[in-house]
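Reading through the structure tokens given below for one structure.
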Amino acid sequence: MVCCGVVAAETKEEKLATIPKDLALEGTAVTGPDGKTYRSRCEPVFTLDRRRVAYLAFRGGRSVPVIGDKAGPSYLFAAPPAASATRFAFRLGKRLSDRVERWWVRIDDTLLPPEDWIGMPALSTDGEQAAYWTQPGASIVADGSYARKSMVLVVARRAAGKWQLRRSQTYEDAEALTAPVFSADGAKVATVVRKDGRAYVLVLGGRKQKERLVGEGHSMIGDPVFAPRGKSVAFTATVGNAPPGMPGSRSVVVWGKKTLGEKLGSAGCAVIGPRGRAIAFKIQRDGRMDVATGKDKNLKPAFDFVTTPVFSPDGKRIAFIGNTGGSMVGAFALKRGSDRQVAGGQFHLVVRSARGRKRTRGPAHDAARHATFSADGRRVAYGAREAGRWRIVAGAAQSPAYDDVGPPRWDGKAVIFGARRDRVLYRVVWTPAKG
């Protein structure tokens, strides 16, 4: 499939870094529970202004965190970096003996105090805060599994050039391998905890810096998300006691006193509109998926997979990537982290009305991701792959081709994105022709 478009004449590339030749772009092959072979891949992550880049590379079966041209020491355990406007945060771990590990969060060049175990970190948009779960006293038992301990949330704030740590009360369990979520202003952080065998959203912060539990206590919940001003939280809740993906399993979106998606099959992965009054979310029914709003009473799913929806800045339109003919593990299709786990088939940009059902579907691609509206809400840019090469697409216009591209960001009429060509990483400013 070839996308018929136009390459805009004005493209400016700024070299940010070169991946060292002694670092591999793929990790050691690992066999998953399904018997298939998987490899971790080097996927560059860029700050919000796309002026800095970080990534995980690989050497000798271990992971190497890299920021710009500076590679750090290797670790047995590592996760791709979280990014903010200015900083990066890595989750890193080492095994000291058969029974003991040490874990760190590294923010740029600073290692925060070591812990017995650490979950996935999140950064606030401005990069002045980080949040992550710890498990004090965690150890490895004789069969190689972890001895379960109580969980403590750490919120690190930067003040006077230093990171100051605040620890929450203890909880019996938490969704620690999903990063917490900050409100847009960084005043609050939300994550999922268990108390007395039930799941809640923990919200920490606000003027009095209190901890409070949101929800009535469900068997399982996930993917909390703040409204733009942080006044409300929406999340996915499992109905009944069946685990996700098992017979009888069904989920809904809970937003304040509203329960959404009950008549649409299963619902999840909610996004709240820019004014805090509208909501969109994924739905799944009879193996098909789509994106619904809080006003949809009946919607026949049209795709085999959809990505997390995004609102236009004025809240009038919603964009997402729809896939037909691809494959995805159904149990995780409604989770926010599943957007890049579908393979095969055709990918289309889909733009729908936030108030009605009018929608448009763009051309087919081998893969697509990262739909982003312009400030006026009239144009959408996204990454698309054809014949193994990635471009940013905006209407009929296409950027030059790269081996990989990051999420685009509109800056007036220009689109700014990070890209990789072979082992060189760039900041690209591309002005697409209209059409």
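From the residues in the range 338-359 that are of a type in the set (Val, Ile, Thr) and touching a Lys or Arg at 6+ places or on another chain (Cβ under 8 Å), which one is surrounded by the fewest Cβ atoms within 10 Å (Cβ to Cβ)? Walk me through it before giving the result.
Narrowing the range 338-359 to residues of a type in the set (Val, Ile, Thr): 342, 350-351.
Those left that are additionally touching a Lys or Arg at 6+ places or on another chain (Cβ under 8 Å): 350-351.
Details: Val350: 23, Val351: 17.
Top of the filtered list is Val351.
When only residues in the range 116-132 that are of a type in the set (Gly, Ala, Ser) and farther than 20 Å from Phe46 by Cβ count, which is surrounded by the most Cβ atoms within 10 Å (Cβ to Cβ)?
Across the range 116-132, the extreme among qualifying residues is Ala131.
Can you tell me which residues in the range 92-142 are under 16 Å from Gln164 (Cα atoms) and among the basic types (Lys, Arg)?
Arg106 - this is the single residue of the range 92-142 that is under 16 Å from Gln164 (Cα atoms) and among the basic types (Lys, Arg).
All but one of (1) among the hydrophobic types (A, V, I, L, M, F, W, C); (2) within 22 Å of Lys210 (Cβ to Cβ); (3) in contact with a Ser or Thr (Cβ under 6 Å, 6 or more places away or on another chain) hold for Ala159; which doesn't?
Going through (1) among the hydrophobic types (A, V, I, L, M, F, W, C); (2) within 22 Å of Lys210 (Cβ to Cβ); (3) in contact with a Ser or Thr (Cβ under 6 Å, 6 or more places away or on another chain) one by one, Ala159 breaks only (3).
Return yes when Gly217 is of a type outside the set (Val, Ile, Thr) and either loosely packed, with under 14 Cβ neighbours inside 10 Å or not in a strand (DSSP E or B) (or both) and no when it is not. Spell out how you get there, then give the answer.
On the way: of a type outside the set (Val, Ile, Thr): yes; either loosely packed, with under 14 Cβ neighbours inside 10 Å or not in a strand (DSSP E or B) (or both): no.
Here the answer is no, as Gly217 does not meet what is asked.
When you look at Gln164, is it modelled with pLDDT of 95 or more and over 25 Å from the mean Cα position of the chain (by Cα), yes or no?
Yes: the conditions hold for Gln164.
Which numbered condition in (1) over 16 Å from the mean Cα position of the chain (by Cα); (2) surrounded by 16 or more Cβ atoms within 10 Å (Cβ to Cβ) is the only one that Ala82 fails?
Ala82 satisfies every listed condition except (1).
So, Ser97, is that one surrounded by 15 or more Cβ atoms within 10 Å (Cβ to Cβ), among the hydroxyl-bearing types (Ser, Thr, Tyr), farther than 17 Å from Tyr132 by Cβ and free of Cβ contacts under 8 Å to residues at least 40 places away in the same chain or not? Before the answer, list the steps.
Working: surrounded by 15 or more Cβ atoms within 10 Å (Cβ to Cβ): no; among the hydroxyl-bearing types (Ser, Thr, Tyr): yes; farther than 17 Å from Tyr132 by Cβ: yes; free of Cβ contacts under 8 Å to residues at least 40 places away in the same chain: yes.
Criteria not met by Ser97.
Is at least one residue of the range 322-341 part of a strand (DSSP E or B) and closer than 27 Å to Pro180 by Cα? I'd like the intermediate steps shown before the answer.
Step one: filter the range 322-341 for residues part of a strand (DSSP E or B), giving 322-324, 327.
Right, trim to closer than 27 Å to Pro180 by Cα and you get 322.
Yes, that holds for at least one residue.
Select from the range 282-295 the residues that are within 19 Å of Arg317 (Cβ to Cβ) and in contact with a Leu (Cβ under 7 Å, 6 or more places away or on another chain) and list them in ascending order.
Lys282, Ile283, Asp290, Ala292, Gly294 - these are the residues of the range 282-295 that are within 19 Å of Arg317 (Cβ to Cβ) and in contact with a Leu (Cβ under 7 Å, 6 or more places away or on another chain).
Of these, Val429, Val393, which one is in contact (Cβ under 8 Å) with a residue 24 or more places away in the chain, surrounded by fewer than 20 Cβ atoms within 10 Å (Cβ to Cβ) and part of a strand (DSSP E or B)?
Val429
Whether any residue in the range 274-289 is assigned to a loop (DSSP other than H, G, I, E, B) and either among the aromatic types (Phe, Trp, Tyr) or under 20 Å from the mean Cα position of the chain (by Cα) (or both) is what I want to check.
Yes; the residues of the range 274-289 include at least one that is assigned to a loop (DSSP other than H, G, I, E, B) and either among the aromatic types (Phe, Trp, Tyr) or under 20 Å from the mean Cα position of the chain (by Cα) (or both).
For the range 368-390: of the residues being within 25 Å of Leu299 (Cα to Cα) and of a type outside the set (D, E, K, R), which is surrounded by the fewest Cβ atoms within 10 Å (Cβ to Cβ)?
Checking each candidate, the answer is Gly377.
Which one is nearest to Gly197 (Cα to Cα), of the residues in the range 157-166 that are of a type outside the set (Phe, Trp, Tyr) and surrounded by 12 or more Cβ atoms within 10 Å (Cβ to Cβ)?
Applying the filter and picking the extreme gives Arg166.
Rundown of residues vs (1) closer than 25 Å to Asp411 by Cβ; (2) surrounded by fewer than 21 Cβ atoms within 10 Å (Cβ to Cβ); (3) of a type in the set (S, T, N, Q); (4) modelled with pLDDT under 95, yes/no style:
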{"residue": "Gly27", "(1), (2), (3), (4)": "no, yes, no, yes"}
{"residue": "Glu43", "(1), (2), (3), (4)": "yes, yes, no, yes"}
{"residue": "Gly61", "(1), (2), (3), (4)": "no, yes, no, yes"}
{"residue": "Arg91", "(1), (2), (3), (4)": "no, no, no, no"}
{"residue": "Leu111", "(1), (2), (3), (4)": "no, yes, no, no"}
{"residue": "Pro114", "(1), (2), (3), (4)": "no, yes, no, no"}
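The values are calculated or read from the model by the stated rules, or taken from the named source; none is laboratory data. None of these values were measured; they are calculated from a predicted model. Ideal geometry is used to build each Cβ from the backbone, glycine not excepted, and the neighbour counts take in all protein chains shown.
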